[in-house]
1. Give, rounded to the nearest 20 debye, the magnitude of the charge dipole that segment 133-258 has about its Cα centre when Lys and Arg contribute +1 at Cβ and Asp and Glu contribute -1 at Cβ.
2. Please compute the Kirkwood hydrodynamic radius over segment 73-210, one decimal place, Å, based on all pairs of different Cα atoms.
3. Rank Val101, Phe210, Pro162 by how far each Cα sits towards the positive end of the charge dipole of segment 79-257 (+1 on Lys, Arg Cβ; -1 on Asp, Glu Cβ) and give me just the farthest.
4. List the residues whose amide H sits under 5 Å from the amide H of Ile126, counting only those 5 or more places along or on another chain, with H placed 1.01 Å from N in the peptide plane.
5. Which of Tyr131, Ala182, Gly141 sits closest to the plus end of the dipole of segment 127-258, meaning its Cα is farthest towards the positive end, when Lys and Arg get +1 and Asp and Glu get -1 on the C-beta?
6. How do Phe136, Phe91 rank when sorted from fewest to most other Cβ atoms within 10 Å of their own Cβ?
7. I'd like the Karplus ³J(HN,Hα) series for segment 250-256: coefficients 6.51, -1.76, 1.60, θ = phi - 60°, whole numbers in Hz, and an x wherever there's a Gly or Pro.
8. May I ask you to evaluate 6.51 cos²θ - 1.76 cosθ + 1.60, the Karplus curve with θ = phi - 60°, for each residue of segment 96-112 and list the ³J(HN,Hα) values in order in whole Hz, giving x for glycine and proline?
Amino acid sequence: MAAKKLSTIKGWNDIQNKVNLKMKNLSFLSFLSLSTVFAAVRENYDAVTPQRIDAIERIFAFYQARQITATANNDTENELSGPCKPVTVIFARGTGESGNVGGRNSPGPALFSEMRMMMGSQNVAIQGVDYRADIFGYLKGGDPEGSKKYYNLTEQAASQCPDTKIVLTGYSQGAQLAHNAARWYSLNTTQRISAAVMFGDPYAEDTLGFLPSTKVLNVCHNQDVICDGVTGGAAQHLTYAKDASEAARFIMTRIMKG
């Protein structure tokens, strides 16, 4: 099916004007041109619905909010470089978050805290994916280099720790990375994955590579425009830390099943 010209989408001119206004208000993006924004959208247009185009101005507002609320506390995890543990978690943070797993308000650190409390910190290795996590990566369907890093870290865990149970996790754009990486895993690596949990996943309706659905928990809040895509706004996208206990229990159950 031929790609539709963006200029023919209903309300496109209005969207351009809104994005232009957002750009003027975002000092940390002032060096970036609108042409770069729209080039990123065009590059991934097959995966961008008219509803998601309409949500661009909301995404800019969300990105600004994440920059304001980001915290540097416990925002980095690199335990894959240490000794092997029974469980290895790969996590990719969302757009605009700090470190490689996000700050205290992110679902990542909240999930890690729950897992360490349930399983013991000596049994869980956490590894964050270090990538740009900017809005252009989101518009491209997940930062390409970040997706490769997610894949490489998972393969590293599988090869250097043959007995570890692998858990894939991601938030927002981080979930996009997980989806991209999952398409590249070998059958052997896929079979090593015990569970996967995605928060605010833009690809919530898609399968995660070749993983069976019973191994995947996809948490999408009602009225979260990032994973719902049609209605709502950014507010619900900032509240996934409260789902950490549910996610940890799901992971524990899947690990016990093997």
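1. On the way: 11 positive and 12 negative charges, 97 e Å.
I would put it at about 460 debye.
2. Details: mean 1/r = 0.0690 Å⁻¹.
Its Kirkwood hydrodynamic radius stands at 14.5 Å.
3. Final value for the positive-end residue is Pro162.
4. Hits under the 5 Å cutoff: Glu79, Val89.
5. The residue sitting farthest along the positive end of the dipole is Ala182.
6. On the way: Phe136 17, Phe91 30.
Ranking Phe136, Phe91 by Cβ neighbours within 10 Å, fewest first, gives Phe136, Phe91.
7. 4, 4, 4, 4, 5, 5, 5
8. Once θ is set to phi - 60°, the couplings for segment 96-112 become x, 7, 8, x, 10, 9, x, x, 4, 7, 7, x, x, x, 5, 5, 4 Hz.
Quick note: the coordinates plus some simple rules give every number you see, no bench work behind them. The model shown is predicted, which means the values in this text are computed figures rather than measured ones. Methodologically, a virtual Cβ is constructed for each residue, glycine included, from the backbone with ideal geometry; neighbour enumeration extends over all protein chains shown.
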